[in-house]
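The values are calculated or read from the model by the stated rules, or taken from the named source; none is laboratory data. As the structure is a prediction and not an experimental result, all values here were calculated from the model. Virtual Cβ from ideal backbone geometry, glycine too; neighbours counted across all protein chains shown.
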There are 2 protein chains.
Amino acid sequence: MRLTAMTDYSLRLLMHVGQHGGRLCTIAEIAQVYGISEAHLMKITHQLALAGFLETLRGRGGGMRLARPAAEIRIGDVVRAMEPDFAVVECFATGNVCTLSGQCRLTGVLHGSLAAFMENLDRYTLADILEPLPAALPLGAQPIVFKARGSHAK
Amino acid sequence: MRLTAMTDYSLRLLMHVGQHGGRLCTIAEIAQVYGISEAHLMKITHQLALAGFLETLRGRGGGMRLARPAAEIRIGDVVRAMEPDFAVVECFATGNVCTLSGQCRLTGVLHGSLAAFMENLDRYTLADILEPLPAALPLGAQPIVFKARGSHAK
């Protein structure tokens, strides 16, 4: 029962970029922070940009930042944009050969569960899951101090 | 976003066995109906028997049947018994190396979604998803004709 690694990495990439406010983040930096290959991250960045979540600037001094405020990026929408399919079981995908097709009540139950999964994701935006940048984070860059939020203030 | 093939096949196997009431079903028969290898089905049958969903009888004339009424087999429990883990994303599994660990709000959101998925599955039992045995089903047995239903009637 899992999401693809691409979706997983996408969410972490967006969290990283979101945590750094408007600063342009680089693939090299994110690769280092999460231990994900740059090749993977390039593919993910491209897909997230196409889906309208990221804005990328090429060239020296370039990088990526959120294309819209974190509060307008729903987690469910990111998952929808990145998952190749929602074939919880084989028969949801094409090429289904199960003899139960067309009269199988299990698919209805699983579709309902998938909908419940996505509905919960849709209750949250990227802003909801962003944490203040921890002191030990990346690249020896100047730590950026964020406004403390609610009970997470230290 | 998917369940393992083992869980998928387990559910179909239970549906097949459940559809045949108390008759002993064989692995060869189920392999034929669903086009799943007998080796896979032996493993699945063993696991379902260990989990208390199936009763198996060895030897000539042997086979498997439900160990309890279909109405007492919750879909969620079958999925729990068969899924190797519920690592929706990598960091739910062991060996997590993500630098966000311990301060990542995404995990909470995903755990909530997983709980919603399972809660929906727990609303149904095997009895809820059993269909009357379709006409074209197994083993060249005498076709059984069912009442046509709605727009699926031909």
Pull out all pairs, ordered by first then second residue, where Cβ-Cβ is under 6 Å, the residues are six or more apart or on different chains, the first lies in the range A:15-30 and is closer than 16 Å to A:GLY59 by Cβ, and the second is surrounded by fewer than 22 Cβ atoms within 10 Å (Cβ to Cβ) and basic (Lys, Arg).
A:LEU24/A:ARG65
Identify, from the list B:THR7, B:THR56, B:THR26, B:THR45, the residue that is crowded, with 20+ Cβ neighbours inside 10 Å, of a type outside the set (A, V, I, L, M) and away from every other protein chain (no Cβ under 14 Å).
B:THR45
Would you confirm whether or not the range A:86-94 contains a residue that is modelled with pLDDT under 95, surrounded by fewer than 16 Cβ atoms within 10 Å (Cβ to Cβ) and β-branched (Val, Ile, Thr)?
yes
Would you mind telling me which numbered condition in (1) closer than 30 Å to B:GLY112 by Cβ; (2) more than 14 Å from chain A (Cβ to nearest Cβ); (3) over 14 Å from the mean Cα position of the chain (by Cα) B:GLY63 fails?
(1)
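Being of a type in the set (A, V, I, L, M) and touching a strand residue (DSSP E or B) at 6+ places or on another chain (Cβ under 9 Å) is the filter here; which residues of the range A:4-22 pass it?
Applying the first criterion (of a type in the set (A, V, I, L, M)) to the range A:4-22 yields A:5-6, A:11, A:13-15, A:17.
Within the range A:4-22, A:LEU13, A:LEU14, A:VAL17 meet the criteria.
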Flag for B:LEU3 being within 20 Å of B:ILE129 (Cα to Cα) and at pLDDT 95 or above:
no
